[in-house]
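The values are calculated or read from the model by the stated rules, or taken from the named source; none is laboratory data. Keep in mind that what you see is a predicted model, and the values were worked out from it rather than measured. FYI the Cβ positions are ideal-geometry reconstructions off the backbone, even for glycines, and counts take in every protein chain you see.
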Amino acid sequence: MMGGSSSRIAAGLGAALFVGYCIYFDRKRRSDPNYKNKLRELVKCWTGVNEWDFIAGRKKQKAAQEKAGLSRLPDLKDAEAVQKFFLEEIQLGEELLAQGDYEKGVDHLTNAIAVCGQPQQLLQVLQQTLPPPVFQMLLTKLPTISQRIVSAQSVSDDDIE
């Protein structure tokens, strides 16, 4: 009886220490002054587009997106539009997550994953940078955005015919 009780206490203490370490590490990572710069470099590396190339028209697009609720998907055949959309969605997602609006932030990140040329690599980076509950929320939303893209493609294919 005593051995089982002490092992439970030790396991609980170990779990509490692990969670505390995770919280400490995440806070330290996010308070790093170079955190946003590293993310911007990563996005620029993936897309080859400078962030400042599209910021000028971003305020108008933000207002339109807030009105519509969901972001409108770009023409998937237009590489430039897809790159611009990808960068905007990553940035909006990061901003919303930083403000604590996890639901909308995850929505924007799933949009970015959906149009990303290398989604596995992006998911690996997001898994390392996002807290586990937020990353899990992102994984649960991925199938819905995939369905949205398939339906958007089928509508655009119908428009062509």
Task: So Q61, is it on the phi < 0 side of the Ramachandran plot, at pLDDT 90 or above and surrounded by 12 or more Cβ atoms within 10 Å (Cβ to Cβ) - done: no
Open item on the list: I'm trying to understand the selection: among the residues of region 1-33, which are in a loop (DSSP other than H, G, I, E, B), of a type outside the set (A, V, I, L, M, F, W, C) and either more than 27 Å from the chain's Cα centre (by Cα) or more than 21 Å from V134 (Cβ to Cβ) (or both)?
Closed with: P33
